[in-house]
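J.: Below is one structure. I have some questions about it.
Each value in this text was obtained by applying a stated rule to the coordinates, not by laboratory testing. Just so you know, these numbers come straight off a predicted model, no measurement behind them. All Cβ positions, glycine included, derive from the backbone under ideal geometry; neighbour counts span all protein chains shown.
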Ligand code: SF4
Ligand code: SF4
């Protein structure tokens with residue numbers, strides 16, 4: 001089976017190149033990459049950890065769609081590329097530090113921890129969000145990063161929702177304050193993050209919930225004033 005990989009070494013290559021390789025049938029993509037590294041080109045660079053869909057480190061793009069390479073079964077002529085919007089270190093290996101920084105900026109943790117009875121419903125409300133494996137797929141799929149590299153983004157905002165909705169949080173104001181700039185109002189609600197999440201998390205819905213919480217803390221959509229809802233200030237329609 002043939003797959004193509006977008007290769008690039010920022011230190012050696014003037015530009016990236018797409019190289020086609022032959023891999024055996026029946027392998028996962030990660031096994032195929034490991035096969036190529038062992039038999040064809042030891043310089044091929046990619047990330048991997050647990051090899052069982054738990055650590056989230058092996059995400060790449062396949063034909064423009066984010067996939068965990070340890071779970072994905074390659075098809076003929078697939079094009080494999082690195083995640084978007086992360087600095088490229090080499091081939092499929094990216095630097096994830098700036099994206100992880102977004103977690104700190106969202107202030108997504110318990111600020112005024114208190115004793116609280118937690119019902120099954122409370123648990124269920126944030127159960128899925130707690131399953132995030134930080135694979136960065138949603139960050140790579142989010143079109144807002146093409147125009148705003150400082151956007152807090154889907155996995156950080158999902159975590160902000162998870163803690164702001166926790167009954168043990170005595171006051172979620174710090175978290176809600178932290179997600180106003182480059183945060184909840186910058187999302188276009190396109191749903192790309194939700195579509196690629198291997199854990200079934202729905203960051204788009206969590207951001208919608210955070211917008212609702214934001215209004216309870218006195219915030220409103222800063223773009224609202226620029227909308228005219230079809231009203232012509234000159235008297236026309
Ligand atoms: S719904 Fe929002 S956070 Fe998710 S991909 Fe679209 S713009 Fe990004
Ligand atoms: S929310 Fe989903 S896609 Fe985003 S980092 Fe977490 S597991 Fe990956």
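J.: Taking into account only those residues within the range 103-139 that are under 11 Å from the mean Cα position of the chain (by Cα) and within 13 Å of ligand 1 (Cβ to nearest atom), which is nearest to residue 203 (Cα to Cα)?
T.: Among residues in the range 103-139 that are under 11 Å from the mean Cα position of the chain (by Cα) and within 13 Å of ligand 1 (Cβ to nearest atom), the one nearest to residue 203 (Cα to Cα) is 138.
J.: Can you find a residue in the range 208-217 that is near ligand 1 (Cβ under 10 Å from one of its atoms) and surrounded by 14 or more Cβ atoms within 10 Å (Cβ to Cβ)?
T.: yes
J.: A further question follows. Working only within the range 65-86, note down all residues that are assigned to a loop (DSSP other than H, G, I, E, B) and touching a helix residue (DSSP H, G or I) at 6+ places or on another chain (Cβ under 7 Å).
T.: 69, 70, 72, 74, 83, 84, 85, 86, listed by residue number.
J.: Another question, then. Which residue pairs have Cβ atoms closer than 6 Å, lie 6 or more positions apart in sequence or on different chains, and pair a first residue in the range 186-212 that is in contact (Cβ under 8 Å) with a residue 60 or more places away in the chain with a second residue that is more than 10 Å from ligand 2 (Cβ to nearest atom)?
T.: 206/161
J.: Still on this model: Does residue 36 qualify as being outside any loop (DSSP other than H, G, I, E, B) and surrounded by fewer than 22 Cβ atoms within 10 Å (Cβ to Cβ)?
T.: Yes.
J.: Another question, then. Looking at the range 140-155, which of the residues that are assigned to a helix (DSSP H, G or I) and under 12 Å from residue 204 (Cα atoms) is nearest to ligand 1 (Cβ to nearest atom)?
T.: Ranking the qualifying residues of the range 140-155, first place goes to 154.
J.: Let me ask something else. Would you pick out the residues in the range 48-68 that are more than 23 Å from residue 130 (Cβ to Cβ) and surrounded by 15 or more Cβ atoms within 10 Å (Cβ to Cβ)?
T.: Those that are more than 23 Å from residue 130 (Cβ to Cβ) and surrounded by 15 or more Cβ atoms within 10 Å (Cβ to Cβ): 48, 60, 61, 62.
J.: May I pose another question? Can you tell me which residues in the range 156-182 are assigned to a loop (DSSP other than H, G, I, E, B) and crowded, with 24+ Cβ neighbours inside 10 Å?
T.: Once the filter is applied, which keeps residues that are assigned to a loop (DSSP other than H, G, I, E, B) and crowded, with 24+ Cβ neighbours inside 10 Å, the range 156-182 yields only 179.
J.: Name the one entry in 219, 163, 145 that is in contact with a strand residue (DSSP E or B) (Cβ under 7 Å, 6 or more places away or on another chain) and away from ligand 2 (no atom under 12 Å from the Cβ).
T.: Step by step, each of 219, 163, 145 is checked, and only 163 is in contact with a strand residue (DSSP E or B) (Cβ under 7 Å, 6 or more places away or on another chain) and away from ligand 2 (no atom under 12 Å from the Cβ).
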